[in-house]
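Read through the structure below, which is laid out as structure tokens, and then see the notes.
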Amino acid sequence: MQTLRTHVIRCALVVLSLVASSVVAHAQSVDLSVRSRQLYADVPFVLQVTASGFEESPEPVVGDFSIDGAKVSYLGMSPSVRSSRTVINGQVTRSREVRFVYSYRIEAEAPGTFSIPEITVSQGAVTATSSPGRFEATRVANSRDMRIELDVPDRPVWIGESFEIGISWYLRKNPRDQTFVIPLFDHPAFEIEAPDGTPENRLAFTAGSKELELPYESSEVSEGGVSYTRFQFKAVGTPTEAGRFELDAPRVVAKLQTGDGRDAFGFRSPRYELFKATGKKVAFEVKPLPRAGRPSSFSNAVGTGFSISVTTSRSVVSVGEPVELTVVLRGERGLEGLSLPSMIGEGRLDGALFDPIGDDVTGTMADDGLSKTFKVTVVLKSAEAREIPPIEFSYFDPEDASFKTTLSQPIALNVGGADLVGAQDVVGGNRKTNSGSRAAVNGTAFAGDLTPSSADQTLRTMLSLSSMTPVLAALYGLPLLLLAVMLWVRRTGESRGRSSELRAMVKRVEVAAKEARSTKAETSAAALMSAIKELGKATGQRPGDWQSEIESLAFDPKRRSQPVPAEIVERAVTEAKSWVAKGADRNKAGKGVALVFLLVAGGSGEVRAETSLSEARASYTNALETTDRGARTRGFSATEAMYRELVATHPERPELLADWGNAALGAGDLGTAALAYKRALRLDRGMARAEKNLNWIRQQMPSQLVVESDAGAVDSLFFWHRDWSLATRHLVAAVAFAVFVLLLVPWNDRFARVGRRVAVLPLLLFLLTLGSALMEPDTSAGAVVVTDGQTLRTADSMGAPPAIGTPVPAGLEVSLRERRGTWTQVTLPNGTIGWLASTAVTAVH
């Protein structure tokens, strides 16, 4: 009975403990905490409000609160989830605690004691309240060894105008643990950002609820006969509200080195004390943009030095065909939030001639932050269109307080231009005489091959240097490794046999020493000395003075019947073993050859064709069979986009590249077509349809921009230089080198003699194929103009004069010389050098 009562009581205690733990786990609470040990006036610190015991969703709401004499700014919330498991008497209890941590920045305006009120956190009908708190803020002394200045424009600024903010920090002593308080950064009427670029030196500043990494430069300056180290920080501000703003003075609090002290271990350590520096108050005016004289093309662009350029994917079009326009806006700053105005309207495209079907109003920023690119697709509605007219872009210049308008260059259109025919109409033809205009091919038969690749060949893989790197490394490295190992085996055979003999001699010395310690000296001393002398002879060493001691023991009447003393035996054995070590040190340098070879094996596998490949092939076939010219061009344009995505996934497939080029050619995009064919021929030199179509494109180029070229002497002399790809020649050279090295491996004396004679044949093949590969012309600079109607300029500027009198057509093959921001310097086939927009040129590699 007593046992049963005790068991019931224990069970009741377990249940009570589980209930109590559940109640505790789900009880809501609000706690306040700060990380700083010491709080100062004018120095912000972070107050954390931690809400525990609430459900994960929805997020609890913190009630508004204020602290008399201090500024309170909300920084944000970060959740924290903690899971635990408790096992009591075999019962497993799992609990999940969610904590919401709300951060507030508190800044005491003057020294004193401050009261934090009760802070209430609610989640629906569930609420919890913190206990009130208090904190004390002490005064921070000013220092003449530190100053701060804030530099803003001394004129009114305009809404949307991005202006530069300068912060100068002057120091005479080493600082640490600095905190900056810039009221302008915290004002809700201004957006503060770090300037573009990636300088090495940056320092963190707080701007509202975010942190900025501002770049800075340091210099030594002297003011009023006092030398300072000046740190100059830069930021960019953009006002979002109009009005006059009077802001508090900027401040910085930092610890400055005031001398040397001693640390806890008595070592000298620099001593730091906290000081404050306060700048001057800042006041300036933000004006609203004027409404009078605002152009219709104005889209809230505010700044200086704006320009606009427009390029088109092609200039030969038909009614109903889409044309992609690339609009590039350039400016000194203020491009981040800039949107593109409608392309239809006064000073822009005529709605009776063009119909926009897709506007990229957000655009893409360039890495340097000085330009923004928009893509706009328009459909030609009327044959009366003769050009893409100059496009207006209006902006407000804050320096002149006026609206300004800039214009793009017009682009001539050839409506009803070149007509490509289907594969059933493809015929051979002689080269046409080209007078310089692409319109010269209008109405002529297409002397090329638009036949698509076979379904089983589209994704075939060709050898490439990048994919063969592991194979080439193995063919060059493994034979050399094998040769080194075999040479080491032959050269060290004698020394390795000698090492075995020495180990046997050392073993006999150890056995004799063991006998000498336990048996009579008259028999064991002689055996020990015999083993040691044998080892000394083999190693070229002579025993020390202990030799006579051991030998005398065998003849000493008093000691001959006793074992050899242990200390003498130890000394003899130790010295004998050292002879072997010395001999090993002398022979270490010549024992062998070490070769470390690292083979990085790369896995390869056939990539499964996506379902979009069949869709692209079906779209290509439909476009090829369409008889209406406009519908056929639109079909090829859609097909080209499909193949472009496939090529991005499978860049090393020559048949797929040729299909992409055919689709682009059918769409009239000679630039993309030429680029695709050149990439295909780079992988497979023998692809006839790619070479045939590329030659046809070359025939369409203006004759004054190209020159005739013949096959080089190397192509004529070495057939493999002409017919084998660069990857194939490297592979043949690697195989020949491997055979050459393997023939030099000394498997045995007879093979070594025959191998050296035969090795000259693979060596000759290796030299020929490798030499052919090394003589391969450098095509890394090869590129194709992909945007039609480009103006080649003499310098990297829109204002530079043209280098030639005719526009550069899409499809022209050029050589890259230099990239400079949004401009690229190229060399035309006729040797002319000039600058094109970087977006208009694409490298082959």
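The values are calculated or read from the model by the stated rules, or taken from the named source; none is laboratory data. Keep in mind the model is a prediction, meaning the values are calculated, not measured. We place every Cβ from the backbone using ideal geometry, glycine too, and count neighbours over all the protein chains shown. To get the accessible areas, we keep the full protein, side chains included, count just its heavy atoms, and leave off ligands, DNA and RNA. Shrake-Rupley method; radii C 1.70, N 1.55, O 1.52, S 1.80 Å.
Of all residue pairs spaced 6 or more apart or on separate chains, those with beta-carbon atoms under 6 Å, a first member in the stretch 665-679 that is among the charged types (D, E, K, R) and a second member that is in a helix (DSSP H, G or I) are R679/L657.
If the condition is being closer than 16 Å to S162 by Cα and of a type in the set (G, A, S), then the stretch 211-242 contributes A235, G237, A242.
Condition check: at pLDDT below 85, open to solvent by 60 Å² or more (accessible area, probe 1.4 Å) and of a type in the set (D, E, K, R). Does D628 satisfy that? In short, yes. Restricting the stretch 45-71 to residues that are open to solvent by 50 Å² or more (accessible area, probe 1.4 Å) and in a strand (DSSP E or B), the residue that is modelled with the lowest pLDDT is V46. Scanning the stretch 783-814 for residues that are at pLDDT below 85, among the small types (G, A, S) and over 31 Å from the mean Cα position of the chain (by Cα) turns up G789, G799, A800, G805.
Yes or no: the stretch 120-143 includes at least one residue that is farther than 24 Å from P215 by Cβ, in a loop (DSSP other than H, G, I, E, B) and touching a Lys or Arg at 6+ places or on another chain (Cβ under 6 Å). Yes - at least one qualifying residue is present in the stretch 120-143.
Please specify each residue of the stretch 823-841 satisfying the condition of being open to solvent by 40 Å² or more (accessible area, probe 1.4 Å) and of a type outside the set (G, A, S).
P829, N830, I833, T839
Screening K234 with (1) part of a strand (DSSP E or B); (2) at pLDDT below 90 gives one miss only, at (2). From the list D177, D186, D196, the one residue that fits, being modelled with pLDDT under 90 and exposed (fewer than 14 other Cβ atoms within 10 Å of the Cβ), is D177.
Determine, yes or no, whether G124 is open to solvent by less than 30 Å² (accessible area, probe 1.4 Å) and over 21 Å from A204 (Cα atoms).
no
Taking the stretch 518-537 as the range and being buried (at least 16 other Cβ atoms within 10 Å of the Cβ), part of a helix (DSSP H, G or I) and touching a residue at least 40 places away in the same chain (Cβ under 8 Å) as the test, the residues that pass are A521, S524, L528, I532, L535, G536.
For the stretch 243-252, residues that are touching an Asp or Glu at 6+ places or on another chain (Cβ under 7 Å) and open to solvent by less than 50 Å² (accessible area, probe 1.4 Å) total 1. For the residues E211, E220, the requirement of being assigned to a strand (DSSP E or B), modelled with pLDDT of 90 or more, within 41 Å of the chain's Cα centre (by Cα) and of a type in the set (D, E, K, R) singles out E220. If you check S299, S269, which single one turns out to be under 30 Å from T405 (Cβ atoms), at pLDDT below 80, assigned to a strand (DSSP E or B) and under 42 Å from the mean Cα position of the chain (by Cα)? Of S299, S269, the one residue that is under 30 Å from T405 (Cβ atoms), at pLDDT below 80, assigned to a strand (DSSP E or B) and under 42 Å from the mean Cα position of the chain (by Cα) is S299.
Residues A638, A680: which one is modelled with pLDDT of 85 or more, in contact with a Pro (Cβ under 6 Å, 6 or more places away or on another chain), part of a helix (DSSP H, G or I) and not polar (S, T, N, Q)?
A680
Do you know which residues across the stretch 611-625 are open to solvent by less than 70 Å² (accessible area, probe 1.4 Å) and either hydroxyl-bearing (S, T, Y) or over 20 Å from V319 (Cβ atoms) (or both)? If the condition is that a residue be open to solvent by less than 70 Å² (accessible area, probe 1.4 Å) and either hydroxyl-bearing (S, T, Y) or over 20 Å from V319 (Cβ atoms) (or both), then S612, L613, A616, R617, A618, S619, Y620, T621, L624 are the ones that fit.
Within the option set T240, T229, T206, being over 21 Å from G279 (Cα atoms) and touching a Phe, Trp or Tyr at 6+ places or on another chain (Cβ under 9 Å) holds for one residue only, T240. Could you list all residues from the stretch 759-782 that are at pLDDT below 75, touching a helix residue (DSSP H, G or I) at 6+ places or on another chain (Cβ under 6 Å) and of a type in the set (S, T, N, Q)? The one that is at pLDDT below 75, touching a helix residue (DSSP H, G or I) at 6+ places or on another chain (Cβ under 6 Å) and of a type in the set (S, T, N, Q): S772.
Looking at G811, G799, G834, just one residue is over 21 Å from V317 (Cβ atoms) and part of a loop (DSSP other than H, G, I, E, B), and that residue is G799. Condition (residue is of a type in the set (V, I, T), closer than 26 Å to D248 by Cα and touching a helix residue (DSSP H, G or I) at 6+ places or on another chain (Cβ under 7 Å)) applied to the stretch 123-145: is it met by at least one residue? So far as the stretch 123-145 goes, no, none of its residues is of a type in the set (V, I, T), closer than 26 Å to D248 by Cα and touching a helix residue (DSSP H, G or I) at 6+ places or on another chain (Cβ under 7 Å). Check whether at least one residue in the stretch 384-404 is among the basic types (K, R), in a strand (DSSP E or B) and open to solvent by less than 20 Å² (accessible area, probe 1.4 Å), and report yes or no. No, the stretch 384-404 has no match at all.
Quick check on S168: is it modelled with pLDDT of 90 or more and either within 26 Å of K287 (Cα to Cα) or touching a strand residue (DSSP E or B) at 6+ places or on another chain (Cβ under 7 Å) (or both)?
Yes.
Residues in the stretch 199-222 that are open to solvent by 50 Å² or more (accessible area, probe 1.4 Å), touching a residue at least 12 places away in the same chain (Cβ under 8 Å) and not β-branched (V, I, T): how many? Summing the residues that are open to solvent by 50 Å² or more (accessible area, probe 1.4 Å), touching a residue at least 12 places away in the same chain (Cβ under 8 Å) and not β-branched (V, I, T) in the stretch 199-222 gives 8. For the stretch 644-669, the tally of residues that are in contact with a Leu (Cβ under 7 Å, 6 or more places away or on another chain) and closer than 19 Å to E691 by Cβ stands at 8. Looking across the stretch 631-664, just one residue is in contact (Cβ under 8 Å) with a residue 40 or more places away in the chain, buried (at least 20 other Cβ atoms within 10 Å of the Cβ) and among the β-branched types (V, I, T), and that is T633. If you check I308, I344, I357 for being modelled with pLDDT of 80 or more and open to solvent by 20 Å² or more (accessible area, probe 1.4 Å), only one passes: I344.
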